Amino acid sequence: MRVNQADASQASCPSPKGRGVRGEGLGASQSGPVLLGLTGYPLGHSLSPRLHNAALQVQGLPGKYRLFAVPPTAGEPTGLLDLLAEMRAGRILGLNVTIPHKQTMIPLLDQLTTAAAAIGAVNTVFCDGQRLLGDNTDAPGFWSDLQASLPLPDMPGQQALVLGAGGAARAVCYALLQHGWQVTLAARRPEQARALGQAFQPLFGEAALAVCPFSQLSQVQAVALLVNATPLGMYPQPDNSPWPADLPLPAGAAVYDLVYNPRQTRLVRQAQAAGLSAAGGLGMLVEQAALAWERWFGQQAPRQAMWSSIQDV
Ligand code: NAP
């Protein structure tokens, strides 16, 4: 991580404190419309503009949440640097970051939160005084919605089975391990899962995370929670499921599917048909957005308005 080309002493990130209070505008160093946005590539189907524009509207804040499509480049990430320069100049208040820039963003920022550093991915950039900070709100967003959506045993040491070992799985595993769960990670490429386990070992110890190839799901012992962190079941292939058709779902497990489009995935339907509690990922999507909003504005996000904006999904 390095301090960006802009000289930090001349940076003019507005302080988040007091920003966004209804009728008070953006605080001393920024006035006029608020500009927020999402960077990644491609961005066609993102629901983030709906969530955040609804929040701006209900808070009476003039401004916009825009999509900043930045294709990946082999050389210097000039598109991302340009966006960060706009933030340093106070012209963009906050950014969300998605694939393929969640890792690329890291060395361009001044500092990471503990969660973003541990997960190794940034999905939110915000100003703190004169510095640009990277956070990961997927992990607390997942945890918060998991608690709200599913009946779970309230005892440390519970077993979870997480499917997939990409960016979202990293956030899910971090949240579960941080709250005392034991995790088995099932990936079609076990080396990807092992790399994730090794990254978390210094934080949570060797025993907290085990790895299982996707082909050996039948050997996983009783679990209290099954999480899908693969894209299987997502539009435009809603008939897919990450769980093998010939294998019963783990008895008594609660099932959380990060996929939110369609709202009710095949896995959620399979789980409900087996008498299990199950939830899709729309609540996590809203919660990670609300937490990003709270980093930008330093005040509680209007979650109800955010939910209302995506009722048709
Ligand atoms: P990612 O970084 O591309 O990781 C996807 C993981 O799933 C990888 O381990 C990948 O393995 C595995 N996978 C893909 N296809 C598979 C298949 N056919 N069989 C077995 N494993 C397969 O994606 P991500 O960012 O982690 O996102 C995963 C899903 O979570 C997406 O659907 C995304 O929309 C959703 N998500 C939801 C939220 C929310 O707020 N609800 C937040 C973040 C992500 P390989 O590397 O081998 O391909």
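The values are calculated or read from the model by the stated rules, or taken from the named source; none is laboratory data. In this text the structure is predicted, and so the values were computed from the model without any measurement. A quick note on method: Cβ atoms are made from the backbone with ideal geometry, for glycine too, and the neighbour counts reach across all protein chains shown.
Taking interchain pairs and intrachain pairs at least six residues apart, which have beta carbon atoms under 6 angstrom, with the first residue in the stretch 78-107 and at negative phi and of a type outside the set (G, A, S) and the second within 16 Å of the ligand (Cβ to nearest atom) and assigned to a helix (DSSP H, G or I)?
N96/S48; N96/A292; K102/G167
Among the residues of the stretch 159-169 satisfying the criterion of being surrounded by fewer than 24 Cβ atoms within 10 Å (Cβ to Cβ) and either at pLDDT below 95 or in a helix (DSSP H, G or I) (or both), which is nearest to the ligand (Cβ to nearest atom)?
Step by step, filter the stretch 159-169, then rank; the result is G166.
Identify all residues within the stretch 93-107 that are outside any strand (DSSP E or B), surrounded by 22 or more Cβ atoms within 10 Å (Cβ to Cβ) and either away from the ligand (no atom under 13 Å from the Cβ) or among the charged types (D, E, K, R) (or both); write none if there are none.
L93, K102, M105
Just give me the residues in the stretch 121-148 being surrounded by fewer than 19 Cβ atoms within 10 Å (Cβ to Cβ) and either within 14 Å of the ligand (Cβ to nearest atom) or among the acidic types (D, E) (or both), in sequence order.
Selection gives D128, A148.
Which condition breaks for A139 when tested against (1) under 18 Å from T230 (Cα atoms); (2) out of contact with any Phe, Trp or Tyr (no Cβ under 7 Å at 6 or more places or on another chain); (3) part of a helix (DSSP H, G or I)?
Going through the list (1) under 18 Å from T230 (Cα atoms); (2) out of contact with any Phe, Trp or Tyr (no Cβ under 7 Å at 6 or more places or on another chain); (3) part of a helix (DSSP H, G or I), A139 breaks only (2).
To keep it simple, each residue is scored yes or no on (1) more than 15 Å from F200 (Cβ to Cβ); (2) among the basic types (K, R).
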position: R131; (1), (2): yes, yes
position: T137; (1), (2): yes, no
position: S144; (1), (2): yes, no
position: S149; (1), (2): yes, no
position: V172; (1), (2): no, no
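State whether one or more residues within the stretch 224-241 are farther than 16 Å from Y174 by Cα, touching a Phe, Trp or Tyr at 6+ places or on another chain (Cβ under 7 Å) and buried (at least 22 other Cβ atoms within 10 Å of the Cβ).
No, because not a single residue in the stretch 224-241 is farther than 16 Å from Y174 by Cα, touching a Phe, Trp or Tyr at 6+ places or on another chain (Cβ under 7 Å) and buried (at least 22 other Cβ atoms within 10 Å of the Cβ).
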